[in-house]
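Engineer: Dropping a structure here in structure tokens format, bear with me for questions.
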Amino acid sequence: MSDQERYGVAIIGLGTIGRRYIEVFNNHDGFELVGGFDVGEQARTAAAADFGMRVTASAEELITDPNVHVVYIATPPLYHEVYVDQVQAAGKAIFCEKPLGVDNGDTQAMVERVESAGAPAAVNFVFGAAPSAVEMIKQVKSGACGTVLGADLRVHFCRWPRDWQAGAGWLRDRDQGGWVREVVSHYVFLIHRLFGQATIEQVHVGFPDDGTSEQSLMAVLTANGVTVRLVGTSDAAGADEVQFTVRGSERSFRLTNWYQLTGATSDGPWEPLLSDEAVAPPAAYAAQLGQVAALADDNPNSLATFAEAYAVQELVESLLEQGAH
């Protein structure tokens, strides 16, 4: 496909995240939104009314449309596998939400099918292309930290799901939801990109008595000799917080609220490292979709591979399983 043409995209799953990406794709010059599908009639009707978009009566109708080049799968995790298989069979590029699934055996088999078929496929971890994460990785790998002394992640959510996710009730389900899968997984992916595969040294996860998703996490990981500490809480007073820090002997780097990248030396202040434009969410979305365009053309890209996403899933599911005991 030439640089002047646009890639046709279909969205499967028109809930909270699918609706967000309707706007993201519509705002990118490289894509044309062909249509969307959701198993819920109400979601289909709302998307058609709110965005003036085409919705189809079946996923197959949309996936096999010759105008579709890439399919974004934005359903809850339990349904990713069935749509990944359909998109692969249709020969279209796969851009799937994370996690790929929640059953490691099923997910591993799916990853093997995708890899064996040579299908262009990637997973939507934001740090695959976000300028702030790309710059952090560049700085750390260049030796700017001096000796890397460790890393730490701190997350807090006053309410879970967050207010903008209130329509996605499954995010509160213990079997496929929770902020460890939804948020901490992004940082596990980043940790793997920074330091290599992590392993669990210690973990405790606190679950409420009502059977819903986790409310606290304390864990220690190691990745090629680097110690990483994870602390998370939810459903308690206090502003939402997401902060990831890599600490070095010469310089430390910090991501705050996903995209705000700062650095500090000695006991000096944390100073911004990128322009305001580069750390704004639209810059991250634009960079991500630029890589999706490369995926659709079967070109090299920086998006999370299915193998990388499966490695994240394995660790996340182990955190939840081991931490509950």
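Engineer: Considering region 145-161 alone, what residues qualify as being in contact (Cβ under 8 Å) with a residue 24 or more places away in the chain, buried (at least 17 other Cβ atoms within 10 Å of the Cβ) and touching a Phe, Trp or Tyr at 6+ places or on another chain (Cβ under 9 Å)?
Structural biologist: The answer is Cys145, Val148, Ala151, Leu153, Val155, Phe157, Trp160.
Engineer: Only residues in region 212-229 that are assigned by TED's automatic domain parsing to the domain that holds Arg172 and farther than 17 Å from Leu171 by Cβ count as the first member; pair them with residues that are assigned to a loop (DSSP other than H, G, I, E, B) and modelled with pLDDT of 95 or more, Cβ under 6 angstrom, at least 6 apart or cross-chain, and list the lot.
Structural biologist: Sorted first by the residue in region 212-229, then by its partner, the pairs are Leu221/Ala198; Ala223/Gly196; Ala223/Ala198; Asn224/Gly196.
Engineer: Can you tell me which residue among Ala129, Ala90, Ala74, Ala168 is on the phi < 0 side of the Ramachandran plot and at pLDDT below 95? Write out each step before concluding.
Structural biologist: Values: Ala129 fails: at pLDDT below 95; Ala90 fails: at pLDDT below 95; Ala74 fails: at pLDDT below 95.
Exactly one of Ala129, Ala90, Ala74, Ala168 is on the phi < 0 side of the Ramachandran plot and at pLDDT below 95, namely Ala168.
Engineer: Is it the case that some residue within region 194-210 is crowded, with 16+ Cβ neighbours inside 10 Å and assigned to a helix (DSSP H, G or I)?
Structural biologist: yes
Engineer: Scan region 301-325 residue by residue and report those that are under 24 Å from Ala286 (Cβ atoms) and touching a Lys or Arg at 6+ places or on another chain (Cβ under 9 Å).
Structural biologist: Ala304, Glu308, Ala309, Val312
Engineer: Kindly provide the set of residues from region 298-325 that are more than 16 Å from Val111 (Cβ to Cβ), surrounded by fewer than 18 Cβ atoms within 10 Å (Cβ to Cβ) and not small (Gly, Ala, Ser), ordered by number.
Structural biologist: Of everything in region 298-325, those that are more than 16 Å from Val111 (Cβ to Cβ), surrounded by fewer than 18 Cβ atoms within 10 Å (Cβ to Cβ) and not small (Gly, Ala, Ser) turn out to be Asp298, Asn299, Pro300, Glu321, Gln322, His325.
Engineer: For region 47-67, give me each residue that is crowded, with 17+ Cβ neighbours inside 10 Å, in contact with a helix residue (DSSP H, G or I) (Cβ under 8 Å, 6 or more places away or on another chain) and over 12 Å from Gln86 (Cβ atoms).
Structural biologist: Answer for region 47-67, where residues must be crowded, with 17+ Cβ neighbours inside 10 Å, in contact with a helix residue (DSSP H, G or I) (Cβ under 8 Å, 6 or more places away or on another chain) and over 12 Å from Gln86 (Cβ atoms): Ala47, Met53, Val55, Thr56.
Engineer: Right, another one. Surrounded by fewer than 14 Cβ atoms within 10 Å (Cβ to Cβ), touching a strand residue (DSSP E or B) at 6+ places or on another chain (Cβ under 9 Å) and touching a residue at least 12 places away in the same chain (Cβ under 8 Å): is that true of Gly238 in this structure?
Structural biologist: Against the criterion (surrounded by fewer than 14 Cβ atoms within 10 Å (Cβ to Cβ), touching a strand residue (DSSP E or B) at 6+ places or on another chain (Cβ under 9 Å) and touching a residue at least 12 places away in the same chain (Cβ under 8 Å)), Gly238 qualifies.
Engineer: State whether one or more residues within region 259-282 are farther than 23 Å from Ala122 by Cβ, among the polar types (S, T, N, Q) and surrounded by 20 or more Cβ atoms within 10 Å (Cβ to Cβ).
Structural biologist: Within region 259-282 (the criterion being farther than 23 Å from Ala122 by Cβ, among the polar types (S, T, N, Q) and surrounded by 20 or more Cβ atoms within 10 Å (Cβ to Cβ)), the answer is no, since none of the residues qualifies.
Engineer: Being over 21 Å from the mean Cα position of the chain (by Cα), over 20 Å from Ala293 (Cα atoms) and assigned to a helix (DSSP H, G or I): is that true of Ala144 here? Before you say what the answer is, go through the steps one by one.
Structural biologist: Numbers: over 21 Å from the mean Cα position of the chain (by Cα): yes; over 20 Å from Ala293 (Cα atoms): yes; assigned to a helix (DSSP H, G or I): no.
Considered against the rule, which asks whether it is over 21 Å from the mean Cα position of the chain (by Cα), over 20 Å from Ala293 (Cα atoms) and assigned to a helix (DSSP H, G or I), Ala144 comes out as no.
The values are calculated or read from the model by the stated rules, or taken from the named source; none is laboratory data. Note that the coordinates shown come from a computational prediction; the quantities given were computed from them, not determined experimentally. Backbone-built Cβ (ideal geometry, glycine too); neighbour counts: all protein chains shown.
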